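Trainee: Quick one: the structure is below, and I'll ask about it shortly.
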Amino acid sequence: MSALTVSPSPTVRPAETIADRVRRMIRANPSVLPTIASVVIFVGMVIFGEVAYGRILQFNTLSNLLINNAHLIVLAVALTFVILTGGIDLSVGSIIAVSSVAGVMLSNAGWNAVAVIVAMIGIGVLFGIMSGVLIRYFNVQPFIATLAMMFLGRGLASLLSTKPERLGEDSPIRWIGTQLKIIDGPKVNDLVITPAVLVAVIVVAAAFFVLHRTRTGRTVYAIGGSESSALLMGLPVHRTKVLVYVISGALAGLAAVLYTARLGTAQNITGIGWELDAIAAAVIGGTVLTGAYGYVLGSVVGALVLGLMNVLITRDGGIPPEMTTIITGGILLVFVLLQRAVTRRRE
């Protein structure tokens with residue numbers, strides 16, 4: 001007769017909460033801290049806005065937030081690629097100006113809509129190639145190379161036209177900015193999107209795939225970490241450095257298409273300061289300015305933080321518009337200090 005053995009009862013671990021998971025994730029990878037902070041700030045702004053002004057947590061506010069900032073989301077994705085390599089691109093605002101003015105003029109001259117869109121994106125690609133070649137083959141600092149492209153783009157836009165150019169009412173390009181009702185809510189609380197928003201979502205998904213699932217994405221992060229180490233590992237560093245500026249220019253051209261389709265006008269002063277907004281969105285979203293750390297989804301949250309801040313200031317009515325710049329600078333400063341603390345801990 002065999003003796004019965006009693007096996008020890010398994011230890012019952014307490015269920016892990018969301019807070020525990022977040023703490024574990026931060027300990028394993030401190031570079032996610034700025035991105036988590038941006039999400040917390042965004043949620044906090046939504047709660048504050050709902051309590052203070054109301055009508056924030058509703059379909060039409062969400063719709064307007066996405067529709068009005070679709071071009072900024074695309075620009076933030078473009079700057080994420082560049083900043084992850086430790087570079088910068090100051091030319092995206094000027095690319096939008098010259099692409100949008102040229103696009104409207106070509107459309108009004110009778111060009112096919114698809115050809116116009118290709119031309120607008122192609123202008124951005126050309127600027128990206130020039131920046132990439134200057135940086136790669138002439139060892140020009142990214143700040144100087146893209147600064148030169150910024151002046152070149154703004155000058156070309158002014159040569160094309162110094163007055164507002166209006167897109168024809170019957171232009172098929174306007175369809176990209178057409179509002180499509182998804183949910184018919186009570187009164188004017190409808191969930192509405194535009195094809196431009198869908199394009200921005202596709203750009204974000206594609207960028208996420210490239211950065212996190214492809215060899216090109218791993219090379220981008222490796223260049224930001226240590227370019228010399230990436231070279232020793234045999235990664236295509238030089239080709240990738242040119243490629244990120246081509247991607248940035250192409251996305252700036254695409255942002256010009258989305259913005260022009262929504263407003264229907266273009267001018268040589270369009271896009272002034274947008275490069276700084278895109279950099280701010282990427283930094284607020286957790287992309288470290290020295291490169292190697294950052295997430296494209298964080299940049300999207302950063303763009304939405306900037307967009308929501310404008311909504312809250314408009315709702316308040318008593319805050320002067322100039323405060324937008326001051327508040328943006330304050331938030332940016334906090335995130336730069338947070339990034340510095342994270343990078344020091346990594347070092």
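The values are calculated or read from the model by the stated rules, or taken from the named source; none is laboratory data. Keep in mind that what you see is a predicted model, and the values were worked out from it rather than measured. Glycine also receives a Cβ, built like all others from the backbone with ideal geometry; neighbour counts cover every protein chain displayed. The protein model used for the area step is the full one, side chains on, heavy atoms only, and it has no ligands, DNA or RNA in it. Shrake-Rupley method; radii C 1.70, N 1.55, O 1.52, S 1.80 Å.
Trainee: Could you give the dipole magnitude of the chain about its Cα centre, charging the beta-carbon of Lys and Arg +1 and that of Asp and Glu -1, in debye to the nearest 20?
Mentor: 860 debye
Trainee: Let me ask another. Heavy atoms only, probe 1.4 Å: what % of the accessible area of the stretch 92-161 goes to carbon and sulfur, would you let me know?
Mentor: Taking all protein chains in place, the stretch 92-161 shows 76 percent carbon and sulfur surface.
Trainee: Let me ask another. Which value, in Å², gives the accessible area per residue of the stretch 212-321 when a 1.4 Å probe is used on the protein heavy atoms?
Mentor: I get 37 Å² per residue for the stretch 212-321.
Trainee: So, with +1 on the Cβ of K and R and -1 on the Cβ of D and E, and no other charges, what is the size of the charge dipole of the stretch 101-200 about its Cα centre, to the nearest 20 debye?
Mentor: Approximately 240 debye in magnitude.
Trainee: Taking the Cβ of residue 82 as the centre, find all other residues whose Cβ is under 12 Å away and add up their charges (Lys, Arg: +1; Asp, Glu: -1).
Mentor: Around residue 82, the charge tally is -1.
Trainee: On a 1.4 Å probe surface of the protein chains, which of 208, 81, 42, 48 comes out largest in accessible area, and what is the full order?
Mentor: Order by accessible area, largest first: 48, 208, 42, 81.
Trainee: Then there is this: Lys/Arg Cβ at +1, Asp/Glu Cβ at -1, dipole of the chain taken about the Cα centre: which of 62, 83, 263 is farthest positive-ward?
Mentor: With unit charges placed on the Cβ atoms, the residue in question is 83.
Trainee: Leaving ligands, DNA and RNA out of it, work out the accessible area of residue 190 with a 1.4 Å probe and give it in Å² to the nearest 10.
Mentor: About 20 Å², ignoring ligands and nucleic acids.
Trainee: Measure nothing fancy, just the Cα-based angle from helix 237-263's long axis to the longest principal axis of the chain, in degrees from 0 to 90, nearest 10.
Mentor: 60 degrees
Trainee: Could you state the accessible area per residue of the stretch 24-183 in Å², with a 1.4 Å probe and every protein chain left in place?
Mentor: 46 Å²
Trainee: Additional query: Could you work out [θ]222 nm for the chain from helices alone, using -39500 (n - 2.57) per DSSP H run of at least four and dividing by all its residues? Round to the nearest 500 deg cm²/dmol.
Mentor: Result for the chain: -23000 deg cm²/dmol, rounded to the nearest 500.
Trainee: Taking the full set of protein chains and a 1.4 angstrom probe, give the accessible area of residue 117 in square angstrom, rounded to the nearest 10.
Mentor: Roughly 40 Å² of residue 117 is accessible to a 1.4 Å probe.
Trainee: Here is a follow-up. By how many degrees, between 0 and 90 and to the nearest 10, does the Cα long axis of helix 18-28 differ from the longest principal axis of the chain?
Mentor: 80 degrees
Trainee: Also, quick follow-up: On a C-alpha basis, how far is the centre of the stretch 211-262 from the centre of the stretch 280-307 in Å? Whole number, if you could?
Mentor: 16 Å
Trainee: Still on this structure, I have one more. If you count only protein heavy atoms and use a 1.4 Å probe, how large is the accessible surface of residue 53, to the nearest 10 Å²?
Mentor: Around 70 Å² of this residue is reachable by solvent.
Trainee: With a 1.4 Å probe and all protein chains kept in place, how do 175, 274, 111 rank by accessible area, largest first?
Mentor: 175, 111, 274
Trainee: To the nearest 10 degrees, how steeply does helix 274-284 sit against the main Cα axis of the chain, on a 0 to 90 scale?
Mentor: 0 degrees
Trainee: Mind checking the full-extension length gain between residue 138 and residue 57? Use 0.36 nm per residue of separation minus the Cα-Cα distance, one decimal, nm.
Mentor: The span from residue 138 to residue 57 would gain 24.1 nm if fully extended.
Trainee: Rank these by accessible area, largest first, 1.4 Å probe: 151, 127.
Mentor: So the residues, ranked largest to smallest area, are 151, 127.
Trainee: How much net charge surrounds residue 234 when only the other residues with a Cβ under 14 Å from the Cβ of residue 234 are counted, with Lys and Arg +1 and Asp and Glu -1?
Mentor: My count for the surroundings of residue 234 gives +2.
Trainee: Taking +1 at the Cβ of each Lys and Arg and -1 at the Cβ of each Asp and Glu, which of 222, 176, 294 sits farthest along the dipole of the chain towards its positive end, judged by Cα position relative to the Cα centre?
Mentor: So the residue furthest toward the plus end is 222.
Trainee: Something else now. Ranking request for peptides 318-326, 91-99: highest mean number of other beta-carbon atoms within 10 Å first, then the rest in descending order.
Mentor: Final packing ranking: 91-99, 318-326.
Trainee: A follow-up question, please. For residue 176, what is the net charge nearby, where nearby means another residue's Cβ is under 15 Å from its Cβ and Lys, Arg count +1, Asp, Glu -1?
Mentor: 0
Trainee: Relative contact order of the stretch 30-171, please, whole-number percent, based on alpha carbon pairs below 8 angstrom and at least 6 residues apart.
Mentor: In percent, rounded to a whole number, it is 28.
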